[in-house]
Amino acid sequence: MKKLFSIFLALTLSVGLWAIDNVKYIDAAGVEQTANGVTEITNASTTLSGGWYVVYGADVQTGTLICQGAVNLILADGAKLTATGKGEPDSTPGIRVTGDGNSLTIYGQTNQSGQLEANGGYWAAGIGGGDCESGSNITINGGNVTANGGEFAAGIGGGDSNEGFNITINGGNVTATGINGGAGIGGGAFGSGFNITINGGTVTANREKDASCIGGGYNADGSNIRVATTLLLKADGNNPPTEEIEHGDGDIAGKLAGKRYATIVSILPFRDAALAAINAAVGDVTNENIMYFITPSKKNIEAATTTNAINTIKEKALADLQNIFAIYDAGKTDAFGTLSEKQNGPALIVTDK
């Protein structure tokens with residue numbers, strides 16, 4: 001009887017006591033969803049079989065977490081998980097995601113305050129492969145994720161001498177650091193990095209030396225690397241940007257080759273700043289014709305996919321508003337009669353009639 005109880009206790013500690021229903025998470029589109037049959041991760045967790053998992057504790061610390069099948073991980077608001085791989089001779093990653101049929105998708109909750117820190121052992125990635133293992137099929141939709149590679153390994157992607165691929169970031173705050181030949185996101189030393197897509201969130205990728213911040217590790221190439229937000233290249237985290245790469249540039253692997261540090265930032269702050277500037281310029285004016293004009297400008301900013309487009313629309317709208325107010329102040333209100341007819345245009349030049 002004691003033996004059976006001991007086995008039961010070990011099993012419940014390794015995978016959580018029992019399944020939890022109605023666990024909220026934010027999906028890739030930013031919409032709140034509910035997962036059922038969710039297992040809580042504890043300090044004793046090791047293997048994550050396909051299914052849903054959640055971190056609730058404020059200081060959950062594990063060894064290597066091994067993903068088998070399609071694993072979905074929810075970082076609950078206020079929770080923190082630290083997964084640390086082993087050093088030599090085992091050389092395991094913080095979270096092992098490698099091989100066909102295995103994947104990891106990370107979600108946050110409403111406040112996006114949940115944290116994950118994944119630390120790779122020697123020659124192993126923070127999230128991805130161990131020594132001489134590839135890291136692949138990794139998606140981050142939210143939360144605060146920090147991934148530190150071990151020696152010669154990527155932060156997110158391949159271990160030493162192997163590839164990192166099929167990595168997608170849709171949201172959250174992600175910091176990935178490769179060490180001594182490993183890419184921040186991509187391949188370990190001598191490993192390529194490819195099929196890497198960043199659609200949103202705030203992402204910082206850094207490599208210590210002799211690799212690309214995003215792409216291939218030392219002496220290896222990157223390919224099919226795409227961003228749908230703004231990417232700022234820097235010498236390091238404290239320096240101003242040396243180059244800005246906008247959405248629409250296609251595969252940017254060549255621009256990232258050998259670069260040390262990149263920060264990819266969501267364009268949402270640019271949108272918010274542009275809308276705030278327009279709203280401030282309009283002030284308390286409630287003239288219906290002015291609002292007819294400004295509404296399409298706001299809609300165009302919301303639909304814009306680059307900071308350049310947002311700033312162009314903002315500057316045009318502010319210039320046109322100045323023109324409108326000049327006419328308004330001069331008492332030449334006849335010009336406003338044409339504004340409502342052109343409300344669907346992206347911009348409007350008002351001339352003194």
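The values are calculated or read from the model by the stated rules, or taken from the named source; none is laboratory data. Bear in mind the structure is a predicted one, so any value in this text is a computation, not a measurement. Heads up, the Cβs are rebuilt from the backbone with ideal geometry, glycines too, and the neighbour counts pull from every protein chain shown. All accessible areas refer to the heavy atoms of the entire protein, side chains included, with ligands and DNA or RNA removed. Shrake-Rupley method; radii C 1.70, N 1.55, O 1.52, S 1.80 Å.
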### Restricting the range 69-93 to residues that are over 21 Å from the mean Cα position of the chain (by Cα) and exposed (fewer than 15 other Cβ atoms within 10 Å of the Cβ), the residue that is nearest to I140 (Cα to Cα)
G69
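When the range 58-98 is examined, which residues are found to be in a loop (DSSP other than H, G, I, E, B) and either among the charged types (D, E, K, R) or more than 23 Å from A153 (Cβ to Cβ) (or both)?
The answer is A58, D59, A76, D77, G78, A79, K86, E88, D90.
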#### Entry: One residue from I156, I169 being over 20 Å from D90 (Cα atoms) and either crowded, with 24+ Cβ neighbours inside 10 Å or acidic (D, E) (or both)
I169
### Task
Please determine, by comparing only the residues of the range 307-345 that are open to solvent by less than 50 Å² (accessible area, probe 1.4 Å), among the hydroxyl-bearing types (S, T, Y) and modelled with pLDDT under 65, which one is farthest from G250 (Cα to Cα).
T338
### Message
Go through the range 172-193 and report how many residues are surrounded by fewer than 21 Cβ atoms within 10 Å (Cβ to Cβ) and either part of a strand (DSSP E or B) or β-branched (V, I, T) (or both).
### Response
1
### Query
Got a number for residues in the range 121-147 being under 12 Å from G182 (Cβ atoms), open to solvent by less than 10 Å² (accessible area, probe 1.4 Å) and assigned to a loop (DSSP other than H, G, I, E, B)?
4
### Query
Tally time: how many residues in the range 37-61 are buried (at least 19 other Cβ atoms within 10 Å of the Cβ) and under 25 Å from E133 (Cα atoms)?
5
### Task
Pick out the one residue from S91, S134 that is among the hydroxyl-bearing types (S, T, Y), modelled with pLDDT under 95 and touching an Asp or Glu at 6+ places or on another chain (Cβ under 6 Å).
S91
### Task
From the list A303, A257, pick out the single residue that is modelled with pLDDT of 70 or more and within 30 Å of F325 (Cα to Cα).
A303
### Search result, residues across the range 99-120 that are over 19 Å from V38 (Cβ atoms), open to solvent by 50 Å² or more (accessible area, probe 1.4 Å) and in contact with a strand residue (DSSP E or B) (Cβ under 7 Å, 6 or more places away or on another chain)
G101, E117
### Summary
Residues of the range 16-32 being at pLDDT 95 or above and not aliphatic (A, V, I, L, M), in sequence order, are D21, N22, K24, Y25
### Query
Name the pairs whose Cβ atoms lie under 7 Å apart, with the first residue in the range 124-151 and acidic (D, E), the second open to solvent by less than 10 Å² (accessible area, probe 1.4 Å), and 6 or more positions between them or separate chains?
D131/S91; D131/A124; D131/G159; E133/G159
